[in-house]
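Engineer: Let me begin by handing over the structure; questions about it come next.
The values are calculated or read from the model by the stated rules, or taken from the named source; none is laboratory data. Values in this document were obtained by computation on a predicted structure and should not be read as measured data. Virtual Cβ from ideal backbone geometry, glycine too; neighbours counted across all protein chains shown. Ligands, DNA and RNA are excluded from the accessible area calculation, which covers all protein heavy atoms including side chains. Shrake-Rupley method; radii C 1.70, N 1.55, O 1.52, S 1.80 Å.
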Amino acid sequence: MEMLQKDMEKMAETAHPEIPVEFSALAGERIVIETTELDFYYSAESHALKKVNIRIPYRKVTAFIGPSGCGKSTLLRCFNRMNDLIPGSFLEGKVLIEGEDIYKNGIRLEELRKKVGMVFQKSNPFPMSVWENVAFGPRVNGITNKSELEEMVESSLKQADLWKEVKDRLQASALDLSGGQQQRLCIARTLANKPDIILMDEPASALDPISTGKIEETINELKEEYTIVIVTHNMQQAGRISDYTAFMMLGEMVEFDTTKKIFTNPREKMTEDYITGRFG
Amino acid sequence: MLQTETKPKHYQKVIRADRWARRLITFGGYGIIASIVAILLFLAYQSLPLAKNAAIKTLFTFPASQGPSKALLTGIDPFQEIFYILDEAGHVQFYQTAGTKPLSEAQLPLSGNEKILAAAKGSLSSELFAAGTDSGRIITAEVRFQLDYSESGRAVIPSLSVKEIWKIPAAGKAASSNAASSDTLPDHVEKLAFSQNEDGSRFYAWVDHQGALWVRSYDAEEEVDYLHPLSQYLGESSVTALTISNHGENLVAAAANGIMRWFDLKDLEKAALRDEWSISNGPASALSYLLGDQAVAIGTAAGAVEVWFPVRTPSNLMKFRQIHSFRSHSAAVAQIYHSSRNRDFLTIDAEGAAQLHYSTTGKTEVQFPRPEFSIAAGAFAPKSDGILLVDAQKRFTLFRLDNPHPESTVKALFGKVWYEGYPGPEFVWQSTGGSDEFESKLSLIPLIFGTLKGTLYALLFSVPIALLAAIYVSQFAPFRLSRIVKPTVEIMAALPSVVIGFLAGLYFSPLFEQYLMSTFVFLILLPLIFLAGVAAWRAVPESYRMKIRPGFEVLFIIPVILIALQASASLGHPVENFLFRGNFQQWLYTTWGITYETRNSFVVGFALGFAVIPIIFTVSEDALSNVPKSLTSASLALGASRWQTVRRVVIPAASGGIFAAIMLGLGRAVGETMIVLMATGNTPIIDFNPFNGFRAMSACIAVEIPEAPVGGTLYRVLFLTALLLFVFTFVLNTLSSLVGERLRKKYARF
């Protein structure tokens, strides 16, 4: 314990904002999301993100790892402004998506969130039919043409590897699906909006290994077309599916690099300790 | 067992406390269920006697035959201890119902062989009767039952006193001259009807041996007699039956050709024919005015029994109409007697069969066991709790009549009933009236309607406001605002309804009347100004709009409402002048025939809505707030706006709770008493007009239970109303639970 405490203090020093986080690994990648000196407060007393700088590459899977409460989900939610819903919270610094500051005045949240889709930790299908769940996004965004919707629903379900399983019961309640199916339905629902970026907040943490495997397969297929940011608790998962990994600790970005580098030869001692399971 | 021994003492203590707590909670739970069932059972027990049919029980039969003379008239004292019979020889014999021999005897002053041909009772409150003889005399006498407490206990001492003896005018004197010349028989009274009113004025109607119909009105105040020959109205046909109403104001005479005639005797100095009609089931063989002096029970030679009473025609004339027909007799109806307490009447046919009917409900209540000899006379006990029948052999049978609530049949309580004096069958609630002869009109429909009307207007007002407020507070309002609004609305629920009722009835309703037009203008203007405000808001550049913190947009509504208020206050009068010729209420009345009452359904809807809003708000706000955040997040993350999220996700998911909230509000509005009592005129009318009042079931119970005699029909009907209310709210609550549960299952499996 004592050791850990010391390590953490040391880490806090090394990851001080004055020392820029190395993004050399991203050479040649197109950057989609970029934060500069991002601070996030749940309230004045609760400082959740501290001067976070991060870059998310185009059509790659980027994983956020780190112990509970390190701020990785908070960071993720800054990308589609879901944190706005928390009363009393506020943010300093900048989040740029495709070069545009999404926190500036005049940003339409509906458009932002259509572009930046999100899959939550716990599957949260609406208490409606499978079809209505998938069609929800296009519908609220103004698409009423039935055949267009049908097409979107089918292609989204296919992309999420769910079509074969549910095509005969599109009108059944989404709540009757299994947990893994529900989560893939949530992915399909997000895909139906044709987003550029998909944020995934521990999408497989509540699922059994087989369902998790299916989700991971889906993610692997999706990265051909989408920029994916995934928060995960599961080291192996991050290792399996992500191209880049960011390690976070106590609200700070400790290390960012290719997944391979992070898992084989991390720059920071903290990262190594975490990866090897010495704490976390 | 071994385990318990090894358990530490502390653990045993915990188990014991647990057991006691469980017992207490179980007892509490079952106690609540038991008390609800007990209330239900008590209400049912109190109202159940309403459904009881009339029952008779033979109390006493007296078989002795006392002389050969035919019995004409009988009567009994209020305690049913002594009764008398008058026979054709003028004997008045008194009997004890418990004895076997005549108690005493009295004699009407008849001369020689003079015989009584017709006798009739003439008072509701005493045993006053008139007897017409074959020598043309009419003797008025009264049997009194005096109470004597001197000896061992109470004794009833009967006596007979003769009031008046007079002779009918000689035949032909007033009739046509040729009839007079051919007359050789002595004058005698063939048929007789008699009545004495509360002033002491007496009315006699008789038919003499020539078939001429006469009326004598004796004015007790002036001590003047008026004699009215009525034969000129009769035509050729002879009179078969006569009846005078209990207060002597009306005479109905039946002729052998089936023509009935109604004469007005109100003006003592003349008798006027008011209506003439014919009946179809053979000529009337017996007639009797019933209590209330409106309805006439008619028994025909063919055995039909009907009730007729005058109904106002469109040309403002009173015309007799047949209202009910009852179970027929197999022989001609010979006698009809009516109760002096209610609309019961007894018909006796020539073969001796007797039936008891209730006029208002059109129901034949009792068929009496057929005696061996035909019945010569019958009488209701003064309290209508017994019936005495005397057969031709002077054998008497006394029946106890158990018929406490003849007027409360299912049809009378829930159907249209044609009451005396009404133009047609109607739903009427009028439980008490000015006189003893008043008939309670106890239709529950106006009360049920009133409750529903009040509830409807209350919900029309409160449901939109409460639901919108709940949606706003739970989904849109900033935390700082909702933290204030929620407890405030909950305090609103704690406001005593008597205070709301008081304010509504005494302060708000006159204010509403004064600013009636402005209120309507406001209702139209507010949405318009609101829309204009929205348009103006949209015109503001987005960058400015985005600066408003979400949830605080509501502040912009305040000026909109203020503008609408000011505008409608100043526009009220001009609009009234322009559209309604300066007086909206007058216009309502002349154009639509709608009357405006100060305490009307609008005011009640507002006041009752005020009481209902907190319930609907609180429950639906809870339901909306309890929609999992994960759902709203999912919707928002898909690019739905806040309103889209609320409409497509939150409201469907909370629909079970919202439904339950509305049902609870409905239950509250249905059961609410003080507000509807104080803020309406409590007029039990069936009219959707929002400018009228109504009478709700709850208010009716509150108003009338203090004046309802315990055990009486009104008392029990009020209990029935309470039972209905109970069932109403019970069903509503159960329904809300069931439907709420189903909706929850459908939308909220998380």
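Engineer: With a cut-off of at least 2 residues that are open to solvent by less than 60 Å² (accessible area, probe 1.4 Å) and of a type in the set (Phe, Trp, Tyr), name the strands (runs of 3 or more DSSP E) lying wholly within region B:50-145.
Structural biologist: B:55-62, B:82-87, B:91-96
Engineer: Any residue at all in region B:440-454 that is closer than 30 Å to B:VAL333 by Cβ and assigned to a helix (DSSP H, G or I)?
Structural biologist: no
Engineer: Take region A:225-265 and flag every residue that is in a loop (DSSP other than H, G, I, E, B), over 18 Å from A:LEU38 (Cβ atoms) and open to solvent by 20 Å² or more (accessible area, probe 1.4 Å).
Structural biologist: Listed by number, the residues that qualify are A:GLU225, A:HIS233, A:ASN234, A:ASP243, A:ASN265.
Engineer: Related question: Say whether the condition of being outside any strand (DSSP E or B), at positive phi and within 14 Å of chain B (Cβ to nearest Cβ) is met by at least one residue in region A:51-60.
Structural biologist: Scanning region A:51-60, I find no residue that is outside any strand (DSSP E or B), at positive phi and within 14 Å of chain B (Cβ to nearest Cβ), so the answer is no.
Engineer: Hey, can you tell me all the residues within region B:584-628 that are among the polar types (S, T, N, Q) and more than 14 Å from every other protein chain (Cβ to nearest Cβ)?
Structural biologist: B:GLN585, B:GLN586, B:THR590, B:THR591, B:THR595, B:THR598, B:ASN600, B:SER601, B:THR618, B:SER620
Engineer: Determine whether B:LEU401 is of a type outside the set (Gly, Ala, Ser) and open to solvent by 30 Å² or more (accessible area, probe 1.4 Å). Write out each step before concluding.
Structural biologist: Values: of a type outside the set (Gly, Ala, Ser): yes; open to solvent by 30 Å² or more (accessible area, probe 1.4 Å): no.
It is false that B:LEU401 is of a type outside the set (Gly, Ala, Ser) and open to solvent by 30 Å² or more (accessible area, probe 1.4 Å).
Engineer: Would you mind telling me which numbered condition in (1) closer than 18 Å to A:ILE33 by Cβ; (2) not in a loop (DSSP other than H, G, I, E, B) A:LYS104 fails?
Structural biologist: Here A:LYS104 meets the rest and fails (2).
Engineer: Quick check: is even one residue across region A:75-85 over 21 Å from B:LEU636 (Cβ atoms), at pLDDT below 90, of a type in the set (D, E, K, R) and not in a strand (DSSP E or B)?
Structural biologist: So in region A:75-85, the residues over 21 Å from B:LEU636 (Cβ atoms) come out as none.
Checked against the condition, which is being over 21 Å from B:LEU636 (Cβ atoms), at pLDDT below 90, of a type in the set (D, E, K, R) and not in a strand (DSSP E or B), region A:75-85 yields no hits at all.
Engineer: Mind checking whether some residue in region A:148-165 is under 27 Å from B:TRP643 (Cα atoms) and assigned to a loop (DSSP other than H, G, I, E, B)?
Structural biologist: No - not one qualifying residue is present in region A:148-165.
The rows are residues; the columns are (1) within 22 Å of A:ASN53 (Cα to Cα); (2) within 14 Å of chain B (Cβ to nearest Cβ).
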site: A:GLY179; (1), (2): no, yes
site: A:LEU185; (1), (2): no, yes
site: A:MET200; (1), (2): yes, yes
site: A:ILE210; (1), (2): no, no
site: A:GLY213; (1), (2): no, no
site: A:GLU216; (1), (2): no, no
site: A:LYS223; (1), (2): no, no
site: A:GLN237; (1), (2): no, no
site: A:THR245; (1), (2): yes, no
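Engineer: Would you mind stating whether B:SER325 is open to solvent by 10 Å² or more (accessible area, probe 1.4 Å), closer than 24 Å to B:ASP344 by Cβ and assigned to a strand (DSSP E or B)?
Structural biologist: Taking the combined requirement at face value, the residue satisfies it.
Engineer: OK, next. Just for helices (runs of 4 or more DSSP H) wholly inside region B:476-588: which have at least 2 residues that are open to solvent by 80 Å² or more (accessible area, probe 1.4 Å) and out of contact with any Ser or Thr (no Cβ under 9 Å at 6 or more places or on another chain)?
Structural biologist: In region B:476-588, B:479-494, B:516-539, B:557-579 are the helices (runs of 4 or more DSSP H) which contain 2 or more residues that are open to solvent by 80 Å² or more (accessible area, probe 1.4 Å) and out of contact with any Ser or Thr (no Cβ under 9 Å at 6 or more places or on another chain).
Engineer: Name the residues in region B:449-472 that are open to solvent by 10 Å² or more (accessible area, probe 1.4 Å) and under 21 Å from B:ILE651 (Cβ atoms), would you?
Structural biologist: Once the filter is applied, which keeps residues that are open to solvent by 10 Å² or more (accessible area, probe 1.4 Å) and under 21 Å from B:ILE651 (Cβ atoms), region B:449-472 yields B:LEU459, B:LEU460, B:PHE461, B:VAL463, B:PRO464, B:ILE465, B:LEU467, B:LEU468, B:ALA469, B:ILE471, B:TYR472.
Engineer: Something else about it: Condition first: closer than 17 Å to B:PHE520 by Cβ and assigned to a helix (DSSP H, G or I). Now tell me which residues in region B:589-608 satisfy that.
Structural biologist: Across region B:589-608, the qualifying residues are B:TYR589, B:THR591, B:TRP592, B:SER601, B:PHE602, B:VAL603, B:GLY605, B:PHE606.
Engineer: At pLDDT 90 or above, of a type in the set (Phe, Trp, Tyr) and open to solvent by 10 Å² or more (accessible area, probe 1.4 Å), is that true of B:PHE373?
Structural biologist: Values: at pLDDT 90 or above: no; of a type in the set (Phe, Trp, Tyr): yes; open to solvent by 10 Å² or more (accessible area, probe 1.4 Å): yes.
Criteria not met by B:PHE373.
Engineer: Tell me which residues, restricted to region B:644-672, are more than 10 Å from chain A (Cβ to nearest Cβ) and either of a type outside the set (Gly, Ala, Ser) or within 18 Å of A:ARG189 (Cα to Cα) (or both).
Structural biologist: Answer for region B:644-672, where residues must be more than 10 Å from chain A (Cβ to nearest Cβ) and either of a type outside the set (Gly, Ala, Ser) or within 18 Å of A:ARG189 (Cα to Cα) (or both): B:VAL646, B:VAL650, B:ILE651, B:ILE658, B:PHE659, B:ILE662, B:MET663, B:LEU664, B:LEU666, B:ARG668, B:VAL670, B:GLU672.
Engineer: Please specify each residue of region A:150-163 satisfying the condition of being away from chain B (no Cβ under 14 Å) and within 26 Å of the chain's Cα centre (by Cα).
Structural biologist: Of the residues in region A:150-163, the ones away from chain B (no Cβ under 14 Å) are A:150-151, A:154-155, A:157-163.
Correct list: A:GLU154, A:SER155, A:LEU157, A:LYS158, A:GLN159, A:ALA160, A:ASP161, A:LEU162, A:TRP163.
Engineer: Now for a separate question. Go through region A:120-137 and give me each residue that's more than 7 Å from chain B (Cβ to nearest Cβ) and either of a type in the set (A, V, I, L, M) or assigned to a loop (DSSP other than H, G, I, E, B) (or both).
Structural biologist: Residues satisfying the conditions are A:GLN121, A:SER123, A:PRO125, A:MET128, A:VAL130, A:VAL134, A:ALA135.
Okay, residues lined up against (1) open to solvent by less than 20 Å² (accessible area, probe 1.4 Å); (2) within 14 Å of another protein chain (Cβ to nearest Cβ); (3) modelled with pLDDT under 85; (4) farther than 30 Å from A:PRO125 by Cα:
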{"site": "B:GLU704", "(1), (2), (3), (4)": "yes, no, no, yes"}
{"site": "B:VAL710", "(1), (2), (3), (4)": "no, no, no, yes"}
{"site": "B:THR713", "(1), (2), (3), (4)": "yes, no, no, yes"}
{"site": "B:ARG716", "(1), (2), (3), (4)": "no, no, no, yes"}
{"site": "B:LEU720", "(1), (2), (3), (4)": "no, no, no, yes"}
{"site": "B:GLY740", "(1), (2), (3), (4)": "yes, no, yes, no"}
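Engineer: If you don't mind, another one. Can you find a residue that is out of contact with any helix residue (DSSP H, G or I) (no Cβ under 9 Å at 6 or more places or on another chain), at pLDDT below 90 and outside any helix (DSSP H, G or I) anywhere in region B:675-687?
Structural biologist: Looking through region B:675-687, at least one residue is out of contact with any helix residue (DSSP H, G or I) (no Cβ under 9 Å at 6 or more places or on another chain), at pLDDT below 90 and outside any helix (DSSP H, G or I).
Engineer: Here's another thing I want to ask about it. Quick check on this structure: which one of B:ALA392, B:ALA412 is surrounded by fewer than 20 Cβ atoms within 10 Å (Cβ to Cβ), at pLDDT below 90 and in contact with a strand residue (DSSP E or B) (Cβ under 7 Å, 6 or more places away or on another chain)?
Structural biologist: B:ALA392
Engineer: In region B:629-643, which residues are open to solvent by less than 40 Å² (accessible area, probe 1.4 Å) and either of a type in the set (S, T, N, Q) or more than 7 Å from chain A (Cβ to nearest Cβ) (or both)?
Structural biologist: B:THR632, B:SER633, B:SER635, B:SER641
Engineer: Determine which member of the set B:ASP293, B:ASP344, B:ASP264 is acidic (Asp, Glu) and without any contact (Cβ under 8 Å) to a residue 24 or more places away in the chain.
Structural biologist: B:ASP264
Engineer: For the list (1) within 14 Å of chain B (Cβ to nearest Cβ); (2) farther than 27 Å from B:LEU743 by Cα; (3) of a type outside the set (Val, Ile, Thr), I need the number of the one condition that A:SER173 fails.
Structural biologist: Failing condition for A:SER173: (2).
Engineer: In the set A:GLY99, A:GLY88, A:GLY106, A:GLY117, which member is surrounded by fewer than 18 Cβ atoms within 10 Å (Cβ to Cβ), within 9 Å of chain B (Cβ to nearest Cβ) and over 25 Å from B:ARG538 (Cα atoms)?
Structural biologist: Details: A:GLY99 fails: within 9 Å of chain B (Cβ to nearest Cβ); A:GLY106 fails: over 25 Å from B:ARG538 (Cα atoms); A:GLY117 fails: surrounded by fewer than 18 Cβ atoms within 10 Å (Cβ to Cβ).
After applying the criteria, what remains is A:GLY88.
Engineer: Please work out if A:ALA63 is in contact with a helix residue (DSSP H, G or I) (Cβ under 6 Å, 6 or more places away or on another chain) and more than 19 Å from A:LYS94 (Cβ to Cβ).
Structural biologist: In short, yes.
Engineer: Say whether the condition of being modelled with pLDDT of 90 or more, among the small types (Gly, Ala, Ser), in a loop (DSSP other than H, G, I, E, B) and buried (at least 17 other Cβ atoms within 10 Å of the Cβ) is met by at least one residue in region B:293-300.
Structural biologist: The answer is yes, given that some residue of region B:293-300 is modelled with pLDDT of 90 or more, among the small types (Gly, Ala, Ser), in a loop (DSSP other than H, G, I, E, B) and buried (at least 17 other Cβ atoms within 10 Å of the Cβ).
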